[in-house]
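*Asks:* Below are the structure tokens for one structure; questions will follow.
Coordinate-derived values only; no laboratory data. Remember, predicted model here, so these are calculated numbers, not experimental data. No Cβ is skipped: glycine too gets one built from the backbone with ideal geometry, and neighbour counts run over all protein chains shown.
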Amino acid sequence: MWVGIAGSLLPVLPGTPISWLGLVMLYLSPSLALDVWFIVITGIVAIGLYVLDYIIPAWGTKSFGGSKAGAWGATIGLLIGLIAPIPFGIILGPIAGALLGELVFNRTKGPQAIKAALGSFVGLLASTVVKFMATLVFMGLFIYKVVVHWNSFQFF
């Protein structure tokens, strides 16, 4: 669960799916009865947030006046930033991608292109906040399940 929370803030780790795996591991312990619906619903939420993590920066670009070229640039920049060997590639990638998409492919003037790139950054921050909150909720569910079933756990 702690790795999932860290992963929600660090771009290297998929935080929400890792937190969900923590819930799955808890339910695979012999002391808890497996609640399939709980695992399925939280799994759908984890997968949905994982997918949204790639969509929200492009949406931010569009909402700040960027074009499709800027949104595609933000998405491609995010993917390149994931594999780029530079620190902060996941932050710089969408910004640079949106900026290049607007400047080169859409021939947008400087201030509007910068505004679209700022939208990409705002989208990235929004995505990070959503992931962080989701992993905190997953941690809260984990702690709740452990506290409620504390007397039934068999450690050895």
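*Asks:* So, by mean Cβ neighbours within 10 angstrom, what's the order for 45-53, 66-74, 103-111 with the highest one leading?
*Replies:* In decreasing order of mean packing, 45-53, 66-74, 103-111 become 66-74, 45-53, 103-111.
*Asks:* Per DSSP H run of at least 4 residues, take -39500 (n - 2.57); add these up for the chain, divide by its residues and hand me the 222 nm value, nearest 500 deg cm²/dmol.
*Replies:* It comes out at -25500 deg cm²/dmol, rounded to the nearest 500.
*Asks:* In addition: If I take the Cα coordinates of the range 1-110 and project them onto the principal axes, what are the three extents in Å, biggest first?
*Replies:* Taking max minus min along each principal axis of the Cα atoms, the range 1-110 gives 62, 28, 16 Å.
*Asks:* Here is a further query. Remind me, relative contact order of the chain in percent, using alpha carbon pairs under 8 angstrom and six or more residues apart?
*Replies:* Numbers: 261 pairs, mean separation 42.3, N = 156.
Taking the mean separation of contacting Cα pairs over the length of the chain, I get 27 percent.
*Asks:* Calculate, for ILE55 and TRP150, the FRET efficiency according to 1/(1 + (r/R0)^6) with r their C-beta to C-beta distance and R0 41 Å; round to the nearest 0.05.
*Replies:* After rounding to 0.05, the efficiency reads 0.55.
*Asks:* Listed highest first by mean packing, meaning other Cβ atoms within 10 Å per residue, what order do 2-8, 27-33, 54-60 come in?
*Replies:* Top of the packing list down: 54-60, 2-8, 27-33.
*Asks:* Same structure again: Where the centroid of each part is defined by its Cα atoms, how far is the range 1-72 from the range 80-156 in Å?
*Replies:* So the two Cα centres are separated by 10 Å.
*Asks:* All other residues with a Cβ under 14 Å from the Cβ of LYS109 taken together, and with Lys, Arg as +1 and Asp, Glu as -1, what is their net charge? Let's see the in-between values first.
*Replies:* Values: positive: ARG107, LYS115; negative: GLU102.
Cβ neighbours under 14 Å give a net charge of +1.
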